[in-house]
Amino acid sequence: MHRIKKTIALLGFLLLQIQFSHAQFSSGIIPKPQFEKPGKGYFQVNSSLQIQYLQKQKQVAASAQFLKQFFHEATGFHVPIKPVQKASTGSVFLVLDAFPDSLGLEVYSLLVNDKGVLIRAKTPVGLIHGIQSLRQLMPIQIENRSVKHPLQFTIPATQILDFPSFRWRGLQLDCCRHFMSKEFVLRYIDLLSFYKLNKFHWHLTEDQGWRIEIKAFPLLTQIGSKRVEQDGSEYGGYYTQEQIREVVAYAKARHIEIIPEIEMPGHAQAALAAYPNLSCTGQPLQVANTWGVFKDIYCPGKEETFHFIEAVLEEVVALFPGEYVHIGGDEAPKFRWENCQHCQTRMRDEKLKDAHELQSYFIKRVGTFLTNRGKRMIGWDEILEGGLAPQATVQSWRGLQGAIDAAKSGHDAIVSPTSHLYFDYGLKSIDLEKVYGFEPIPAELNSFEAGFILGGECNMWTEKAPQELVDSKVFPRMLAMSEVLWTYKKRPDFNAFKSRLKLHYPRMDAMQIHYGYEKQPIRFESEILADKNAIRMKILAEPQELKVNYTLNGSAPTPMSAVYMEPLLIQTSTQLNARAFLGDNPNAELFSRTIHLHDGLKVNYELNQSPSQFYAGNGVKSLQDGQRGSIDFHDGLWLGWQDGNPELKIDLGKPVALKRVVAGALQSIPSWIFFPEKLELEASNDGVNFSQIAYLYCADYNHPEQTRTKDLELRILEPKPYRYYRLKAIRLDKCPNWHDAAGSKTWLFLDELMIFE
Ligand code: ACM
Ligand code: ZN
């Protein structure tokens, strides 16, 4: 200690006694350090730079090597590493030192002045954090790896004392729905480290693909890693154990823990395609090529299922040295178990009263196995159902209730609610400001219970995101989350964060991060011009200075397409496509609106039954605004009902002979949304006594496309003038027996009721 103090005195630094009073100052580092203040002048980096650490602190060598590697990649220059007795000027000096326990194991301080750089930390983890902060103080261009920079630049004098508020700061990446290359995974580990996240939750098995080599069960990858897409093409990929060891070592050098997720008992169709004997029915299955929740899951009635899972986990445990293994546990339909002799026998033998307890039996058994291997188990919040396994950590995704229940029963919890941290969701529901405002500690917890909230995770599911789109969903939202979890209560307001973020974009450009927008950049607004038989479409850009390119012929706009200047007058049915290009990211999201003109835009429509509050759109106006819903049933243009049979009454004001009535409908079978069974059209002249003039049976449930829209058209064979028309939509009452949610109430979705004279 004495020598360290002397060393530091030599560099002219003040230690620990630093008064951090410049609350306004910002180094620009994200996540914002807990305490920071500017120094005077700068440190001049040049080719006489050395990286130094104390000879006796051999544990520092790896951090020194990490910094050396950074300089080498950026400049081509080999900065020498010198173990020394005491530091000398002109160096970056890395030292392990004592800090108060209350600051945790990741604490570091960073001091830059005209004599050099000092990074102090309690553990090597803190040294890496200090190095990452130092990197963020260097010129932006240093991050551009496509050129070698001279080792000749300045670093502004700065004093920082910093530590994280939460010890679990994670990103979950789904490498199953879409496969992410090993190089891409390594890059993400770098990016996590750069922004001081410390957990990489690697989602490795799914219905749509098994992505980890297991030597004991080679068919898992030979069969389970490949799927035949709907167009007949093959899609696949997996990581060999050798590749996984490389990723693990890479993460270890950055002090990032990898948490492998091996899903069970649900989301296991790829495994069951390889080993169908592990399912309840034993019937052959394909690796799934649609998204959703599937009813064929592992059979806990069969002992061989547990032999399989334990053999798989044996290899997983050997590959991943971290403390935790994630076993999934979410979205496991109980339909098969309820109809399986093996499962029923198991329930009798184990005195389990329902399928939830059977799931709990399953998870507890696996939990015991992991505990015996010295590991801790994490599961999604469904593992609370039927009784939580001892010592299990709960990852709360369906809101925060799972975290509340876990913490109140003395279990650790990680928060990643769909409301704030599902980065696969669009900016319409989760924009940057919402993420930045996230509160990881549920208000329902007292301060003791709050201690069980380890932290949070950003969830990046990839049904709609092949590798090249992942950056645009993760960035910049991950930076907001990083600051929530690191700086937490001391983070400044959103506008201050935004100004600092603005300075980060050029750095992200240099790092070739294809970040997305902060909020939904494009919104459409429509206005019906009844007298002109037209619709006026406005495109609203946010921020307003974004340049919007658009087309009206169905093609994807490029930067060369028409630039939006003023509202567009739409006089024939068309598709409006718009994109706002951001920086040099070629993947600007396409915003599309299909517009259909018809004779219902200017008359009176009335619904007998309100849609569900979750899919209420703009009420009945949504059925006569000319704006067509997309295949995303959350797009706000759809009305949805899960009860009754909605009826729509049309008052034309005077008798009109309609020739056609067309209902725009959506079917998304994995989401329990079905076309109506039947449409009935009635007409009347007094508005009271109606008679049927047309009908249509619409069931079309075997179509290979699970999610699609369709215009259900009723032709009136002998048009006669009527003032009133009434359309009745008969819902399919329950999900059919073949469906994963057999017996549950279905949804009916309509976006427009088009009428034509
Ligand atoms: C999940 O999103 N099913 C955890
Ligand atoms: Zn079974």
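Go over the candidates THR290, THR345 one by one and state the one that is among the hydroxyl-bearing types (Ser, Thr, Tyr) and either within 16 Å of ligand 2 (Cβ to nearest atom) or open to solvent by less than 20 Å² (accessible area, probe 1.4 Å) (or both). Walk me through how you get there before you give the answer.
Details: THR290 fails: either within 16 Å of ligand 2 (Cβ to nearest atom) or open to solvent by less than 20 Å² (accessible area, probe 1.4 Å) (or both).
Step by step, each of THR290, THR345 is checked, and only THR345 is among the hydroxyl-bearing types (Ser, Thr, Tyr) and either within 16 Å of ligand 2 (Cβ to nearest atom) or open to solvent by less than 20 Å² (accessible area, probe 1.4 Å) (or both).
Taking the stretch 425-474 on its own, how many of its residues are polar (S, T, N, Q) and open to solvent by 40 Å² or more (accessible area, probe 1.4 Å)? Write out each step before concluding.
As a first pass, look at the stretch 425-474 and keep what is polar (S, T, N, Q): 429, 446-447, 459, 462, 467, 472.
Subsequent filtering for residues that are open to solvent by 40 Å² or more (accessible area, probe 1.4 Å) retains 429, 446-447, 467.
So the answer is 4.
More than 16 Å from ligand 1 (Cβ to nearest atom), open to solvent by 10 Å² or more (accessible area, probe 1.4 Å) and outside any loop (DSSP other than H, G, I, E, B) - does that describe any residue in the stretch 275-284?
Of the residues in the stretch 275-284, the ones more than 16 Å from ligand 1 (Cβ to nearest atom) are 275-284.
Cutting the leftovers down to open to solvent by 10 Å² or more (accessible area, probe 1.4 Å) gives us 275-277, 280-284.
Right, trim to outside any loop (DSSP other than H, G, I, E, B) and you get 276-277.
Yes, because at least one residue in the stretch 275-284 is more than 16 Å from ligand 1 (Cβ to nearest atom), open to solvent by 10 Å² or more (accessible area, probe 1.4 Å) and outside any loop (DSSP other than H, G, I, E, B).
If I go through the stretch 729-757 residue by residue, how many of them are charged (D, E, K, R), over 26 Å from SER573 (Cβ atoms) and part of a strand (DSSP E or B)?
Final tally of qualifying residues: 2.
Among the numbered criteria (1) outside any helix (DSSP H, G or I); (2) hydrophobic (A, V, I, L, M, F, W, C); (3) open to solvent by less than 10 Å² (accessible area, probe 1.4 Å); (4) within 16 Å of ligand 2 (Cβ to nearest atom), which one does LEU352 miss?
Among (1) outside any helix (DSSP H, G or I); (2) hydrophobic (A, V, I, L, M, F, W, C); (3) open to solvent by less than 10 Å² (accessible area, probe 1.4 Å); (4) within 16 Å of ligand 2 (Cβ to nearest atom), LEU352 violates only (3).
If you check LYS364 against the conditions, is it part of a loop (DSSP other than H, G, I, E, B) and away from ligand 1 (no atom under 16 Å from the Cβ)? Working first, answer last.
Numbers: part of a loop (DSSP other than H, G, I, E, B): no; away from ligand 1 (no atom under 16 Å from the Cβ): yes.
No.
Inside the stretch 510-549, can you point out the residues that are part of a loop (DSSP other than H, G, I, E, B), modelled with pLDDT under 90 and either of a type in the set (D, E, K, R) or open to solvent by 80 Å² or more (accessible area, probe 1.4 Å) (or both)?
Passing the criteria: GLU542, GLN544, GLU545, LYS547.
Restricting to the stretch 491-508, count the residues that are open to solvent by 60 Å² or more (accessible area, probe 1.4 Å), part of a helix (DSSP H, G or I), more than 17 Å from ILE430 (Cα to Cα) and charged (D, E, K, R).
Counting residues in the stretch 491-508 that are open to solvent by 60 Å² or more (accessible area, probe 1.4 Å), part of a helix (DSSP H, G or I), more than 17 Å from ILE430 (Cα to Cα) and charged (D, E, K, R) gives 1.
Only one of these conditions is not met by VAL366: (1) open to solvent by less than 40 Å² (accessible area, probe 1.4 Å); (2) at pLDDT below 95. Which number is it?
Failing condition for VAL366: (2).
Any residue in the stretch 279-301 that's without any contact (Cβ under 8 Å) to a residue 12 or more places away in the chain: show its pairings with residues that are crowded, with 22+ Cβ neighbours inside 10 Å and of a type in the set (A, V, I, L, M, F, W, C) at Cβ separation under 8 Å, as long as the two are six or more apart or on different chains.
If the second residue must be crowded, with 22+ Cβ neighbours inside 10 Å and of a type in the set (A, V, I, L, M, F, W, C), the pairs left are PRO284/ALA273.
If you check every pair at least six apart or on different chains, which have Cβ atoms under 6 Å apart with a residue in the stretch 67-83 that is β-branched (Val, Ile, Thr) first and a residue that is assigned to a loop (DSSP other than H, G, I, E, B) and open to solvent by less than 10 Å² (accessible area, probe 1.4 Å) second?
What qualifies is VAL79/LEU49.
Could you give me the residue pairs with C-beta distances under 6 Å whose first residue belongs to the stretch 316-336 and is farther than 17 Å from THR240 by Cα, whose second residue is basic (Lys, Arg) wherever it lies, and which are 6+ apart or on separate chains?
What qualifies is GLU323/ARG376; TYR324/ARG376; VAL325/LYS375; PRO333/LYS295; PHE335/LYS295; ARG336/LYS295.
May I ask you to list the residues in the stretch 293-326 that are within 10 Å of GLY266 (Cα to Cα) and away from ligand 2 (no atom under 16 Å from the Cβ)?
Correct list: VAL293 only.
Of the residues that make up the stretch 359-366, is at least one touching a residue at least 60 places away in the same chain (Cβ under 8 Å), within 16 Å of ligand 2 (Cβ to nearest atom) and of a type in the set (Ser, Thr, Tyr)?
Yes: one or more hits.
Could you please give the count of residues in the stretch 711-746 that are surrounded by 15 or more Cβ atoms within 10 Å (Cβ to Cβ), modelled with pLDDT of 95 or more and among the basic types (Lys, Arg)?
The total comes to 4.
Find the residue count for the stretch 398-416, including only residues that are surrounded by fewer than 24 Cβ atoms within 10 Å (Cβ to Cβ) and not in a helix (DSSP H, G or I).
Just the residues of the stretch 398-416 that are surrounded by fewer than 24 Cβ atoms within 10 Å (Cβ to Cβ), to begin with: 398-399, 401, 404-405, 408-412.
Next cut, not in a helix (DSSP H, G or I) only: 398-399, 409-412.
Residues flagged as surrounded by fewer than 24 Cβ atoms within 10 Å (Cβ to Cβ) and not in a helix (DSSP H, G or I) within the stretch 398-416 amount to 6.
Return only the number of the condition from (1) outside any strand (DSSP E or B); (2) open to solvent by less than 40 Å² (accessible area, probe 1.4 Å); (3) of a type outside the set (Val, Ile, Thr); (4) out of contact with any Asp or Glu (no Cβ under 9 Å at 6 or more places or on another chain) that LEU173 does not satisfy.
With respect to (1) outside any strand (DSSP E or B); (2) open to solvent by less than 40 Å² (accessible area, probe 1.4 Å); (3) of a type outside the set (Val, Ile, Thr); (4) out of contact with any Asp or Glu (no Cβ under 9 Å at 6 or more places or on another chain), LEU173 is out only on (1).
Kindly evaluate ALA98 against the criterion of being closer than 15 Å to ARG120 by Cα, open to solvent by 50 Å² or more (accessible area, probe 1.4 Å), in a loop (DSSP other than H, G, I, E, B) and among the small types (Gly, Ala, Ser).
Values: closer than 15 Å to ARG120 by Cα: yes; open to solvent by 50 Å² or more (accessible area, probe 1.4 Å): yes; in a loop (DSSP other than H, G, I, E, B): yes; among the small types (Gly, Ala, Ser): yes.
When the stated conditions are applied, ALA98 passes them.
Looking only at the stretch 691-728, which residues are over 24 Å from GLN627 (Cα atoms), more than 40 Å from the chain's Cα centre (by Cα), free of Cβ contacts under 8 Å to residues at least 60 places away in the same chain and part of a strand (DSSP E or B)?
Listed by number, the residues that qualify are SER691, GLN692, ILE693, ALA694, TYR695.
So which residues in the stretch 266-295 are closer than 22 Å to SER360 by Cβ and modelled with pLDDT under 95, if there are any at all?
VAL293, PHE294, LYS295
Taking ALA216 as meeting all but one of (1) more than 23 Å from GLN69 (Cβ to Cβ); (2) part of a strand (DSSP E or B); (3) in contact with an Asp or Glu (Cβ under 8 Å, 6 or more places away or on another chain); (4) of a type in the set (A, V, I, L, M, F, W, C), write down the number of the exception.
(2) is the only condition that ALA216 fails.
Search the stretch 80-95 for residues being part of a loop (DSSP other than H, G, I, E, B) and of a type outside the set (Ser, Thr, Tyr), and hand back the single one that is least open to solvent (accessible area, probe 1.4 Å). I'd like the intermediate steps shown before the answer.
Going through the stretch 80-95, the residues part of a loop (DSSP other than H, G, I, E, B) turn out to be 80, 85-90.
Next, only the ones that are of a type outside the set (Ser, Thr, Tyr) stay: 80, 85-87, 90.
On the way: PRO80: 46, GLN85: 103, LYS86: 126, ALA87: 3, GLY90: 24 Å².
So the residue we want is ALA87.
Table: residues versus (1) in contact with a Leu (Cβ under 7 Å, 6 or more places away or on another chain); (2) within 16 Å of ligand 1 (Cβ to nearest atom).
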residue: TYR298; (1), (2): yes, no
residue: VAL316; (1), (2): no, no
residue: PRO321; (1), (2): no, no
residue: GLU350; (1), (2): no, no
residue: GLY379; (1), (2): no, yes
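Let me confirm something: among PHE43, PHE66, PHE77, PHE20, which residue is open to solvent by 20 Å² or more (accessible area, probe 1.4 Å), at pLDDT 95 or above, under 29 Å from LEU501 (Cβ atoms) and among the aromatic types (Phe, Trp, Tyr)?
Numbers: PHE43 fails: open to solvent by 20 Å² or more (accessible area, probe 1.4 Å); PHE77 fails: under 29 Å from LEU501 (Cβ atoms); PHE20 fails: at pLDDT 95 or above.
That would be PHE66, the only listed residue that is open to solvent by 20 Å² or more (accessible area, probe 1.4 Å), at pLDDT 95 or above, under 29 Å from LEU501 (Cβ atoms) and among the aromatic types (Phe, Trp, Tyr).
Wholly within the stretch 430-489, which helices (runs of 4 or more DSSP H) include no fewer than the required count, namely at least 2 residues that are away from ligand 1 (no atom under 16 Å from the Cβ) and under 25 Å from ASP190 (Cβ atoms)? Step through it out loud before you land on a result.
On the way: elements: 432-436, 447-450, 467-474, 477-486.
Per the criteria, 432-436, 467-474, 477-486.
I need the full set of residues from the stretch 327-342 which are modelled with pLDDT of 95 or more, more than 11 Å from ligand 2 (Cβ to nearest atom) and among the hydrophobic types (A, V, I, L, M, F, W, C), in order please.
Result: ILE327, single match.
For the stretch 639-655, indicate whether the set of residues that are aromatic (Phe, Trp, Tyr), in contact (Cβ under 8 Å) with a residue 12 or more places away in the chain and either over 14 Å from THR746 (Cβ atoms) or open to solvent by 40 Å² or more (accessible area, probe 1.4 Å) (or both) is non-empty.
Taking the stretch 639-655 as the starting set, the residues that turn out to be aromatic (Phe, Trp, Tyr) are 641.
Cutting the leftovers down to in contact (Cβ under 8 Å) with a residue 12 or more places away in the chain gives us 641.
From the residues that got through so far, the ones that are either over 14 Å from THR746 (Cβ atoms) or open to solvent by 40 Å² or more (accessible area, probe 1.4 Å) (or both) too are none.
No, the stretch 639-655 contains no residue that is aromatic (Phe, Trp, Tyr), in contact (Cβ under 8 Å) with a residue 12 or more places away in the chain and either over 14 Å from THR746 (Cβ atoms) or open to solvent by 40 Å² or more (accessible area, probe 1.4 Å) (or both).
I'd like to check which strands (runs of 3 or more DSSP E) are fully inside the stretch 550-620 and have at least 2 residues that are open to solvent by 60 Å² or more (accessible area, probe 1.4 Å).
Details: elements: 568-570, 574-580, 591-595, 604-607, 617-620.
The qualifying strands (runs of 3 or more DSSP E) are 604-607.
The values are calculated or read from the model by the stated rules, or taken from the named source; none is laboratory data. If you're wondering where the values come from, they're calculated on a predicted model, not measured in any experiment. Don't worry about glycine lacking a Cβ; one is built from the backbone with ideal geometry, like all the others, and counts go over all protein chains shown. The area values use the complete protein model at the heavy-atom level, side chains included, leaving out ligands, DNA and RNA. Shrake-Rupley method; radii C 1.70, N 1.55, O 1.52, S 1.80 Å.
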